[in-house]
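The values are calculated or read from the model by the stated rules, or taken from the named source; none is laboratory data. Computed from a prediction, not measured in an experiment: that's the story for all the values here. Here the Cβ positions follow ideal geometry from the backbone for every residue, glycine too, while neighbour counts run over all protein chains shown. These area figures cover heavy atoms from the full protein model, side chains too; ligands, DNA and RNA do not enter into them. Shrake-Rupley method; radii C 1.70, N 1.55, O 1.52, S 1.80 Å.
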Amino acid sequence: MNWSTVSRNVGYALLVDALFMFFSVLIALFDPADTALGPLSVSFLLTFIVGVFPFIFVRKTTLLSLREAYVIITLSWLLSFIFGMLPYALWGGPFTVVNAWFESVSGFTTTGATVLADVESLPKALLFWRSSTHFIGGLGVVVFLLLLIPESSPMRIRLTNMELSALSKGGYHARSNKTIYIFTYVYLGLVVSSFLLYMLAGMGPFDAINHAFSVSATGGFSTKNISIAGFDSLPITLITMVYMFLASIHFGMLWMVLVTRSLKPLKNEVLRLYTGYLVLVSIIAGVILKIDGLSATWGDAILDGSFSMLSYASTTGLAITDNAGYPFFVSMLMMLVGTVCGMAGSTTGGLKSDRLLILIKSIRAHIIQSLNPSSVTELKLHGTNLQMKDVYPQVLYVALYVFVWMVSVILVLMSGVDTNNAIMATLSSIGNVGPSVGELGTFGNFGLQPSFAKLIYTLDMFMGRVEIYPVLSVIGMMLAPRKRI
């Protein structure tokens, strides 16, 4: 293992974290009463020193092995979590060490679950740092690193291929070394445009930038205790819905729409599947909410149902209603869409609609093959024939995802959490949805959950964000260091 290569590249990621801590320090300087100035200043200095250290004392190299690439990806995330928790832990209040860790992991993985009962009690600088972790994590800690590595570097190409799954690079044409730039341009475009629209809709600049970070990263952290409902504004609600949807579809597709100035790239079967089931469950939820008297009018019912389903399907977790009192069937629909989620190549978590479509096509092909053994059934996605080597990893990932979730449920149950919360909270954590249902729903928080359960939730958040394989690969290397991977 070449630790020089690893340390320099992880240092890039920490310097990005330090940069946003510095921005948070500047916000605190403008408000003499901001109690986060000290904690953020100390956190910035520590993060900057550790991040810049390898560039001073470690020799530069462009060589990168498969082992080192996996370690860079995993350590970049883990060290961002650790240094990202410092501002919370040093500030104190409700932030015990475990709570600070939870809030940091939830932010960077764009999960959006929180331990806070009173978000509005946090100083502005700390709120900005909290939202900044969404911004950094939405694009990806490693993606920021890749933007700094020279385009021609073989190291950059290898890390690009490992950080982005094969699913996220399908469906549009771009050279591998351009993929990172495309994702970055679209992501920044979403952040800037949503910020401007929020301002036009009546949000103040501070609330607007925080929610722009959150909605573009499909994160869920808000500056209000009751999320988007705290603004009581239909324009703000509609803007949030539009951007939750945009951020949950393939960024390459959005790029092609802009470049070609045509809606033709949107003629995509994964997008049709995602949009189709989203519309269906939204209508069902709206009808049930109206019949049960939880929404005053049919318009409110459809809006509440649509926002809730879109929030969970996009794994954003923002809210305009408290889902703690929702009927059981509506809650189950929310968790279902929060398991499948949006499209690969977006900032959403979960299994992704792409894998659902591949799974459906595979099952259909197998049934046809069983009924007609002599027939030849082709699997196609985006107009391209899929081989077994393309299908197998996706089906295996679904099985692995379910297995990790089941093990997590058992571990959380062992910590003393009741069955319903254990099942739903682990599902929302590994899917990076954030809020669960019931007492851990949209207006609830994870503050009273046992410490061991919180640690399991954060492990699920991390594995869901990096799509499990990098974590398992690093664990495998640790257990069998001499084996060639």
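Among the conditions (1) surrounded by fewer than 23 Cβ atoms within 10 Å (Cβ to Cβ); (2) in contact (Cβ under 8 Å) with a residue 12 or more places away in the chain, residue 419 misses just one, which is (2).
Just a yes or no: is a residue in the range 447-454 among the basic types (Lys, Arg) and open to solvent by 20 Å² or more (accessible area, probe 1.4 Å)? The answer is no; no qualifying residue exists.
Of the residues examined, residue 311 is one that is in contact with a Gly (Cβ under 7 Å, 6 or more places away or on another chain) and at pLDDT 95 or above. Residue 125 meets the conditions (1) without any contact (Cβ under 8 Å) to a residue 60 or more places away in the chain; (2) over 23 Å from residue 444 (Cβ atoms); (3) open to solvent by less than 10 Å² (accessible area, probe 1.4 Å) in every case but one. The failed one is (1). Checked against the criterion of being modelled with pLDDT under 95, under 16 Å from the mean Cα position of the chain (by Cα) and either in a helix (DSSP H, G or I) or over 21 Å from residue 215 (Cα atoms) (or both), the candidates 78, 147 yield just one match: 78.
Looking only at residues of the range 329-371 that are part of a loop (DSSP other than H, G, I, E, B) and not hydrophobic (A, V, I, L, M, F, W, C), we find that the one that is nearest to residue 138 (Cα to Cα) is 347.
Residues in the range 300-344 that are free of Cβ contacts under 8 Å to residues at least 24 places away in the same chain and open to solvent by 50 Å² or more (accessible area, probe 1.4 Å): 300, 302, 328, 332.
Restricting to the range 88-114, give me the number of residues that are aliphatic (A, V, I, L, M), open to solvent by 10 Å² or more (accessible area, probe 1.4 Å) and farther than 22 Å from residue 44 by Cβ. Going through the range 88-114 one residue at a time, the tally reaches 1. In this structure, is residue 228 modelled with pLDDT of 95 or more, on the phi < 0 side of the Ramachandran plot and in contact with a Phe, Trp or Tyr (Cβ under 9 Å, 6 or more places away or on another chain)? Spelling it out, residue 228 is indeed modelled with pLDDT of 95 or more, on the phi < 0 side of the Ramachandran plot and in contact with a Phe, Trp or Tyr (Cβ under 9 Å, 6 or more places away or on another chain). When 208, 212 are screened for being open to solvent by less than 10 Å² (accessible area, probe 1.4 Å), assigned to a helix (DSSP H, G or I) and farther than 15 Å from residue 316 by Cα, only 208 passes. Being closer than 19 Å to residue 348 by Cβ, surrounded by 14 or more Cβ atoms within 10 Å (Cβ to Cβ), of a type in the set (Gly, Ala, Ser) and at pLDDT 95 or above is true of residue 429.
Evaluate the range 40-51: report whether one residue or more is closer than 24 Å to residue 109 by Cβ, at pLDDT below 95 and either over 21 Å from the mean Cα position of the chain (by Cα) or part of a helix (DSSP H, G or I) (or both). Yes, that holds for at least one residue. One residue stands out in the range 244-294 among those that are modelled with pLDDT of 90 or more and among the polar types (S, T, N, Q): the one that is most open to solvent (accessible area, probe 1.4 Å), namely 275.
Scanning the range 219-228 for residues that are out of contact with any Lys or Arg (no Cβ under 6 Å at 6 or more places or on another chain) and surrounded by 20 or more Cβ atoms within 10 Å (Cβ to Cβ) returns 219, 220, 222, 223, 227, 228.
Please verify whether residue 235 is open to solvent by 30 Å² or more (accessible area, probe 1.4 Å) and touching a helix residue (DSSP H, G or I) at 6+ places or on another chain (Cβ under 6 Å), treating the condition exactly as stated. No; evaluated as a whole, the condition is false for this residue.
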